[in-house]
Amino acid sequence: MKEYIRELFSGYVRIKVVGSYTELFINRCIEYRIPIWDIRRLDEETILLSLYISDIRRIRPHLKRTRCKVRIHERKGFPFIVQRVISSRGFLAGAIGSILLILLLSNMVWGVSVNGATPEVEHKLRKAAYELGVKKGTFIFRLPTNQEIQQELSESLKEVTWIGVKRNGTSYHFQVVQKQLPEKEPAASPRHIVAKKKAVITKIYVEEGQAKVKENAFVKPGQLLISGFIGKEEKSQLVPASGKVFGRTWYVSTVSIPLKSSFVTHTGETKTNHSLGIVGFYLPIWGLKAPEFENYEVNERETNFRFLKWQLPISLMSKKMLETKEVERTYTNKEAVDAARNVAREDIKDKTAEDAEIKTEKILHEKVENGKVNVKIHFEVIEEIGKNIPIVQGD
């Protein structure tokens, strides 16, 4: 078995030895330990035998001594097969083309699946993923990372709580957790609506219950606005009070804005280079020149190539260089005050409900100190001020 494997991988030839002293030639090969086998006599002066490729040079002196000549009859073994393949351009081109085609197809998207979504949400998700490039026939290394895809889809689909993105070979799998619709609230228990902060009533809408305040009335926290008792005292009934009460409230916000500040920003100029990574060594293939700008931020992304289900030790490294520059911003006193107003408005929006409306704003105090403008601003806001409290037996 070992000899057969050696013959197959080392390669051997079947040669014709022609001469008057062929027996002497065989004896000399045996004497000098040159492996020969499968010896056959064809006629009185011709024999046929097998010989390793590596021993062809060793038989030359013995051919001269025995006055014999040799002709190659057959070539067998792996080296000759490789040689024939290389010499056959059509076969070689077809083999290389097939390998390249498989490599190409192994690095393209061929499947997209969605689990855990209703048909409507699945349709929206597939459409959003398609716009990001996650579709059949797209090269995987041209797509965003899984984290970027997950972030983009989560921001665009308000119906989902979480989206998991996983790539398995040439397929993308999306796992969706949809938002649960709120369960139908049970029948409300009897309750009052009271004020949750100081305010002057501007509007009051009563759906159920009895209003206890009027417009332009000043109320304090905890004061009753809509009562859960309806009817006369002798025949009063308890109901869950419902409605909306809007009032004018007041806030004071203090903001400090530096007159001079510096920050780093992107200019919009970019340069990208690509390298082919082979077992940790990277060979530049595109964008070889260094960026013309001095200061920049580098974003790297490396994508491994695949061949069928196997991941190859070959990758495409993309480096995107974004030019940055340090910008110094200088405010005048007026510009600093305007910036402080914007910051204060955002602060008020964070403290109030979405439907709250800022009616007026007034600067109470303005002072420049230690390179900063310190501003205190008074806001008048119209917002809903009511909150529910249960009616306790005995009230």
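The values are calculated or read from the model by the stated rules, or taken from the named source; none is laboratory data. Here the structure is a predicted model, which is why all the values come from computation and not from measurement. Every residue, glycine among them, receives a Cβ derived from its backbone with ideal geometry; neighbour counts consider all protein chains shown. Protein only, heavy atoms only, side chains kept; ligands, DNA and RNA dropped before computing areas. Shrake-Rupley method; radii C 1.70, N 1.55, O 1.52, S 1.80 Å.
Quick rundown of the values:
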| quantity | calculated |
| --- | --- |
| Charge dipole (debye, nearest 20) of the stretch 261-329; +1 at Cβ of Lys and Arg, -1 at Cβ of Asp and Glu | 460 debye |
| Prolate/oblate/rounded label for the chain (Cα gyration tensor, a/c 1.5) | prolate |
| Farthest toward positive dipole pole in the chain [+1 Lys/Arg, -1 Asp/Glu at C-beta], among Y251, I391, S10 | S10 |
| Violating pairs (Cα-Cα greater than 24 angstrom) within the set K197/K334; K260/K334; K260/K376; K158/K320; K16/K76; K271/K325 | K197/K334; K158/K320 |
| Accessible-area composition of the stretch 1-151, carbon plus sulfur, in percent [1.4 Å probe] | 56 percent |
| Inter-probe distance in nm under a simple model that places probes 7 Å from Cα toward Cβ, at E369 and I56 | 9.9 nm |
| Per-bin percent of Cα-Cα distances, the stretch 261-329 [10 Å] | 20, 37, 24, 14, 5, 1 |
| Given 10 as the ceiling on other Cβ atoms within 10 Å, longest exposed-site-free region of the chain for trypsin sites (Lys or Arg not before Pro) in DSSP loops | 34-157 |
| Charge dipole of the chain about the Cα centre (unit charges at C-beta), most positive-ward option of A353, L42, Q175 | L42 |
| Helix-only mean residue ellipticity at 222 nm for the chain, each DSSP H run of n ≥ 4 adding -39500 (n - 2.57), per residue, nearest 500 | -7500 deg cm²/dmol |
| Listed residues L132, V213, L283: farthest to the positive end of the dipole of the chain (Cβ charges) | L283 |
| About the Cα centre, charge dipole magnitude for the chain (Lys/Arg +1, Asp/Glu -1 at Cβ), debye | 2300 debye |
| Where GluC sites (Glu not before Pro) in DSSP loops with at most 14 other Cβ within 10 Å are excluded, longest remaining stretch of the chain | 46-158 |
